Amino acid sequence: MTTVRRPEERELPFNVFARACPSRGTLEHVTGRWGALTLGALHEGSLRFNELRRRVDGVSEKMLSQTLHALERDGLVHREAQPTNPPRVDYELTPLGHEVTRRLLSLIECVEGSMDAVLRARERYDETRGAR
């Protein structure tokens with residue numbers, strides 16, 4: 001039988017539940033709307049900025065740029081600039097990015113697969129509490 005440890009009992013040097021822990025920022029980058037979608041899109045392979053922007057429908061150029069910078073800084077995304085005219089920049093997942101994204105995609109698949117139940121729950125909630 002496996003015992004689930006509370007965050008304060010874990011033996012890891014980082015604790016995402018601690019306010020000052022740097023892992024919290026990385027978790028925010030990965031699980032935020034644009035971070036999750038960007039990582040998911042890059043799981044399919046290397047993409048140029050505009051290809052990525054088209055794939056992640058609804059993201060602004062500014063938000064995609066900020067997201068890519070954060071994910072690159074965290075070591076999840078690799079940016080490669082080609083010395084061509086015009087310049088070509090490709091983005092791809094690092095090995096760590098692949099590992100994180102593999103786990104993230106499991107969550108995404110779970111959410112997508114549960115949407116019928118989610119939509120029914122929303123409907124029941126709105127009926128009993130009134131749509132807001």
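Suppose the chain between L27 and R129 were pulled fully straight at 0.36 nm per residue; how much longer would it get relative to their current alpha carbon spacing? Intermediate results must be reported in sequence, preceding the final value.
Numbers: separation 102, 0.36 × 102 = 36.72 nm, distance 3.25 nm.
Taking L27 through R129 to full extension adds about 33.5 nm, to one decimal.
Of the heavy-atom accessible surface of the chain (probe 1.4 angstrom), what whole percent is carbon and sulfur? Walk me through the numbers on the way to the answer.
Working: 5190 of 9960 Å².
Carbon and sulfur atoms account for 52 percent of the accessible area of the chain.
Give me the one-decimal Kirkwood hydrodynamic radius in Å for the chain, with the sum taken over alpha-carbon pairs. Could you put the intermediate results ahead of the total?
Working: mean 1/r = 0.0580 Å⁻¹.
Taking every pair of different Cα atoms in the chain, averaging 1/r and inverting gives 17.2 Å.
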Notebook entry, point to check: 222 nm [θ] for the chain, helices only, -39500 (n - 2.57) per DSSP H run of 4+, per residue, to 500?
Noted result: -17000 deg cm²/dmol
Margin query: Between 0 and 90 degrees, rounded to the nearest ten: what's the tilt of helix 115-129 against the longest Cα principal axis of the chain?
Written below: 50 degrees
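Below 13 angstrom from the Cβ of L93, what's the summed charge of the other residues (Lys, Arg +1; Asp, Glu -1)? Spell out each step's value before the answer.
Details: positive: R79, R102, R103; negative: E44, E72, D74, E80, D90, E92, E99.
Once all neighbours under 13 Å are counted, the net charge is -4.
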Notebook entry, point to check: Given 0.36 nm per residue, what is the gain on full extension from S46 to R103 after removing their alpha carbon distance, in nm?
Noted result: 18.6 nm
Next item on the list: Report the Stokes-Einstein translational diffusion coefficient (µm² s⁻¹, integer) for region 68-132, Rh taken as the Kirkwood radius over Cα pairs, at 10 °C with viscosity 1.306 mPa s.
Entry: 105 µm²/s
Check: In region 70-96, which residues have a backbone nitrogen under 19 Å from the label point lying 7 Å from V16's Cα in the Cα-to-Cβ direction?
Finding: 70-77, 94-96
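The values are calculated or read from the model by the stated rules, or taken from the named source; none is laboratory data. Computed from a predicted structure; not experimentally measured. All Cβ positions, even for glycine, are placed from backbone atoms using ideal geometry, and neighbour counts span all protein chains on display. Note: areas computed on protein heavy atoms with side chains; ligands, DNA, RNA excluded. Shrake-Rupley method; radii C 1.70, N 1.55, O 1.52, S 1.80 Å.
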